[in-house]
Amino acid sequence: MLTSRSDQLKFDLAGVDIHKPISELDFSNQAPDMRAKFEAFRDKGLTLAETMKLSATRRIIGTPEQVADEFAAWQAVGVDGWNLSYVTTPGTYVEFIDAVVPELQRRGMVQTEYSPGTFREKLFGQGPRLNDRHIGSRYRPHPE
């Protein structure tokens, strides 16, 4: 696991005591994005081994409540999002949405509604379509 993690982090972990708290390790010579990842765990009192375990690919199997409990435990130590992968598609996602999302919403871990507007409006504060000066506007379907 250390070899794989070393490659992912572009940082040789061979000489690092992975059982020391992150706060005691020096990652100052690490790339800024990697340093930021470690900094996020610095004040949690976690060891490098614990952070590696948290970031490892894991399968959670159980009831919606058990899955939500696991996500809550991750959130408690600073994990701020989840990447889902599927076993069957679209089945895995449908089951997650229908069973787990309501439990996460009940716990306040997932939003229950979206503010009105398109993504473009929220991201750029502009209208829902490209303005006519934008090069992409020429690819709009034209009314006949």
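Charge dipole (Cα centre; +1 on Lys/Arg Cβ, -1 on Asp/Glu Cβ; no other charges) of the stretch 60-144 amounts to roughly 640 debye. Subtracting the Cα-Cα distance of Ala49 and Thr3 from their residue separation scaled by 0.36 nm leaves 15.2 nm. Give the label of the value calculated from the structure for Cα Rg over 2.2 N^0.38 Å, choosing from (i) 1.29; (ii) 1.46; (iii) 1.34. Comparing each candidate, only (ii) matches the computed number. For the chain, lysine pairs separated by 8 or more sequence positions, or belonging to different chains, with Cα-Cα distances below 24 Å total 9.
Simple rule: put +1 on each Lys or Arg Cβ and -1 on each Asp or Glu Cβ in the chain, find the dipole, and look at Gln75, Val110, Leu123; the Cα lying farthest toward the positive end is Leu123.
Residues whose amide H comes within less than 5 Å of that of Thr47, counting only those at least five positions distant or on another chain, are Ile22 (H built at 1.01 Å from N in the peptide plane). Taking 7 Å steps out from each Cα toward its Cβ at Glu121 and Arg133 produces label points 2.2 nm apart.
Dividing the mean sequence gap of close Cα pairs (under 8 Å, 6+ apart) by how many residues the stretch 60-144 holds gives a relative contact order of 19 percent.
Charged side chains reduced to their Cβ positions (Lys and Arg at +1, Asp and Glu at -1) give the chain a dipole of some 500 debye around its Cα centre.
Bear in mind these aren't lab numbers, they're just calculated from the coordinates by the rules spelled out. A quick note: this is a predicted structure, and the numbers were derived from the prediction, not measured. Here Cβ is always computed from backbone atoms with ideal geometry, including for glycine, and neighbour counts include all displayed protein chains.
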